[in-house]
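The values are calculated or read from the model by the stated rules, or taken from the named source; none is laboratory data. What you are looking at is a predicted structure, and each value in this text was computed from that prediction instead of being measured. Here the Cβ positions follow ideal geometry from the backbone for every residue, glycine too, while neighbour counts run over all protein chains shown. In case anyone asks, the SASA skips ligands and DNA or RNA and just uses the protein heavy atoms, side chains included. Shrake-Rupley method; radii C 1.70, N 1.55, O 1.52, S 1.80 Å.
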There are 2 protein chains.
Amino acid sequence: MQNEVAHRRLRELILDGTYAPGVRLTEVDAAAALEMSRTPVREALRALAADGLVRTTGRGVVVVALDPGDLEDAYQVRAALEALTAETAATRQRDGRLAPADLTALRTLADVTAETTSEGRLVEAVELNRRFHRRIAELAGNRIALETLNRVWDQIQVSTLRSLKPVVRHAHVSAQHDDLLAAITDGRAQDAGQIARRHVLDTRTTARQPPEQQ
Amino acid sequence: MQNEVAHRRLRELILDGTYAPGVRLTEVDAAAALEMSRTPVREALRALAADGLVRTTGRGVVVVALDPGDLEDAYQVRAALEALTAETAATRQRDGRLAPADLTALRTLADVTAETTSEGRLVEAVELNRRFHRRIAELAGNRIALETLNRVWDQIQVSTLRSLKPVVRHAHVSAQHDDLLAAITDGRAQDAGQIARRHVLDTRTTARQPPEQQ
DNA sequence: TTTGCATGCATTGCATACAATGGATACAGT
DNA sequence: ACTGTATCCATTGTATGCAATGCATGCAAA
């Protein structure tokens, strides 16, 4: 199905910054770029709007960036949900419903993320960091929370990508990851939730406003 | 725009139970029912899928109902987010950023909801209850949280509508509403969050599985 | 110079024709 | 009877034409 292809490809292009916030996309342009007719592209643009990644104006769609207030709100939502997933994952661990392999994989992911971050490979670090957090949500086994978090992560990512800079206190970030992992491993559910919330709020960045381009 | 009309009308029909979970909808049927061509209807169906209200099979869309596990997950997400919005609303009240009129309106809404519930007018009660909770989220002023909650509310509503029954402990529910309102009015943010979470989890119901119809 | 207005044009909204797909059904062979 | 297979048909997927919309541009009038 070409509309799914279009949706996936356009989403990639937005999340990796190729289409920056403020950039305008018309159906015909996107159709030409993806070499398909307007119909599937049109549906893909609608889907991106539902994802909150673009805003439809009367005149094509525009890649969104959250204003600083909305971005703060998004972090609050993310913190609440990641506290939930961390707590749930820890509970499942305590009840013996997590495979040991899951935790070692998470351990590895945390290590690789720390290394990549400390070396300043920013784009990779963003991707790995997201995978670490997603993995925890997956371990919680809450499908609704995972889907919701995916939306929020997307919106935060597109809004902060332009202002990527070396993580200043990367040792702090890595330590929080370690603490979180330890709490989950020990099945300390409440701790895990609180650490996750604290961590998300500590990594808040502010958005740069998008230039209303084209 | 007809696609918006189609989206709105189909959403209504699903949320009020006219199209029950498990019912299959084809593009042509829906187009005929709404008296428009397939194109806008098709977009509306896609939007409903993005809302999580229908699931697209290769053969038309099917009105979803969450299975018991997913429904439980949805309540967990709802509890986490309503804790956030209640806490935020209370904080704003404490900081004097809420208008007194907002709180009296909420007070009235709580009273009407209690009355309707105690009289067993179920459909109205569902609507009023949702408005009460939505109003609090609006007072929190967190747009992202409100949008996210709307999705979760929709999914819970469509999954529980078939099993509506008189609220057994309606006095308990009303008392929790009153407690929540009091905590917000007093600006007791942490209390408000905890009461909201407790309340949501106390009102959990279990879903009846949809018949795979037609 | 500025404001109002008309006109053109880019772009989306909608309808419809046609292609592709995949599930159901009927039939043949064992 | 049972299984495999060919065929049909319902339904969606895609392309494209035409209508509607609204923004931008230029021109005229004050």
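What does the structure give for B:42-50 when I average, per residue, the other chain Cβ atoms found within 10 Å of the residue Cβ?
Per-residue shielding by partner chains comes out at 3.
How high is the relative contact order of chain B, in percent, with contacts defined as C-alpha pairs under 8 Å that are six or more residues apart?
Averaging sequence separation for qualifying contacts and normalising by length gives 32 percent for chain B.
Determine Rg/Rh for the range B:44-146; Rg is computed over alpha-carbon atoms and Rh is the Kirkwood hydrodynamic estimate from the same atoms. Mind showing how you got there, number by number?
Working: Rg = 17.1 Å, Rh = 16.0 Å.
So for the range B:44-146, dividing Rg by the Kirkwood Rh gives 1.07.
How big is the equivalent ellipsoid of chain B along its three axes, where each semi-axis is √(5λ) from the Cα gyration tensor, reported in whole Å from largest to smallest?
34, 19, 15
Please report, largest first and rounded to whole Å, the three semi-axes of the ellipsoid equivalent to the range A:2-63, where each semi-axis is the square root of five times an eigenvalue of the C-alpha gyration tensor.
Rounded to whole Å, the semi-axes are 15, 13, 11.
Taking only C-alpha pairs under 8 Å that are 6+ residues apart, what is the relative contact order of the range A:91-214 in percent? Before the final figure, lay out each step's value.
Working: 78 pairs, mean separation 42.3, N = 124.
Contact order relative to length: 34 percent.
Give me the net charge for the shell around A:Glu138: Cβ to Cβ below 14 angstrom, other residues only, Lys and Arg +1, Asp and Glu -1. Present the calculation step by step, with values, prior to reporting the outcome.
Values: positive: A:Arg92, A:Arg97, A:Arg130, A:Arg131, A:Arg134, A:Arg135, A:Arg143; negative: A:Glu82, A:Asp102, A:Glu147, B:Asp73.
In short, +3.
Mind giving me the FRET efficiency for A:Arg121 and A:Arg97? R0 is 45 Å, r the Cβ-Cβ distance, nearest 0.05 is fine.
Plugging the Cβ-Cβ distance into 1/(1 + (r/R0)^6) gives 0.80.
Pull up all non-local amide H partners of B:Gly22: gap of 5 or more, or a different chain, and H-to-H distance under 5 Å with H placed in the peptide plane.
Counting only residues 5 or more places away or on other chains, the set is B:Val63, B:Val64, B:Ala65.
Under the rule of at least 5 residues apart or a separate chain, name every residue whose amide H is placed under 5 Å from the amide H of A:Gly60.
none
Could you go through the range A:128-141 in sequence order and give the Karplus-derived ³J(HN,Hα) for each residue, using 6.51 cos²θ - 1.76 cosθ + 1.60 with θ = phi - 60°, rounded to whole Hz, and x for Gly and Pro?
5, 4, 5, 5, 4, 5, 5, 4, 5, 4, 5, 5, 5, x
Would you please give the FRET efficiency between A:Gln190 and B:Arg134, computed as 1/(1 + (r/R0)^6) with r the Cβ-Cβ distance and R0 = 41 Å, to the nearest 0.05?
0.90
The protein assembly as shown: D in µm²/s via Stokes-Einstein (Kirkwood Rh, Cα pairs, 4 °C, 1.567 mPa s)?
Translational D for this selection: 56 µm²/s.
Bin all alpha-carbon pair distances of the range B:89-214 at 10 Å intervals from 0 and give each bin's fraction as a whole percent.
12, 42, 34, 10, 2, 0
Can you list which of the trypsin sites (Lys or Arg not before Pro) found in the range B:149-197 are DSSP loop residues with at most 16 other C-beta atoms within 10 Å? Walk me through the numbers on the way to the answer.
Working: sites: B:Arg151, B:Arg162, B:Arg169, B:Arg188, B:Arg197; in loops: B:Arg169, B:Arg188.
When the trypsin sites (Lys or Arg not before Pro) of the range B:149-197 are filtered for loop state and at most 16 Cβ neighbours within 10 Å, B:Arg169 remain.
Pop out the ³J(HN,Hα) list for the range A:32-40 in order, Karplus 6.51 cos²θ - 1.76 cosθ + 1.60 with θ = phi - 60°, rounded to Hz; leave Gly and Pro as x.
Computed from phi, the couplings for the range A:32-40 are 5, 4, 8, 6, 8, 7, 5, 4, x Hz.
Ignoring ligands, DNA and RNA, what percent of the accessible area of chain A is carbon or sulfur (1.4 Å)?
C and S fraction of accessible area: 49 percent.
If you roll a 1.4 Å probe over the heavy atoms of the protein chains, what accessible area per residue do you get for the protein assembly as shown, in Å²?
48
What is the local net charge at A:Ala79, summed over the other residues whose Cβ is closer than 13 Å to its Cβ (Lys, Arg +1; Asp, Glu -1)?
In short, -2.
Once the other residues with Cβ under 13 Å from the Cβ of B:Arg38 are scored (Lys, Arg +1; Asp, Glu -1), what is the net sum? Before the final figure, lay out the partial values.
Values: positive: B:Arg42, B:Arg46; negative: A:Glu43, B:Glu27, B:Asp29, B:Glu35, B:Glu43.
With Lys, Arg at +1 and Asp, Glu at -1, the net is -3.
If I take every Cα pair under 8 Å that is 6 or more residues apart in the range A:2-63, average their sequence separation and divide by the length, what percent do I get for the relative contact order?
Result for the range A:2-63 is 44 percent.
Just checking the output field for A:78-85: average partner chain Cβ neighbours within 10 Å of each residue's Cβ? Each step should come with its number before you reach the end.
Numbers: counts 1, 2, 12, 6, 1, 3, 7, 3.
The per-residue average across the peptide is 4.
Using each residue's phi in the range A:11-21, evaluate 6.51 cos²θ - 1.76 cosθ + 1.60 at θ = phi - 60° and report the 3J(HN,Hα) Karplus result to the nearest Hz, with x for Gly and Pro.
These are the phi-based 3J(HN,Hα) values: 4, 4, 4, 6, 6, 9, x, 4, 9, 7, x Hz.
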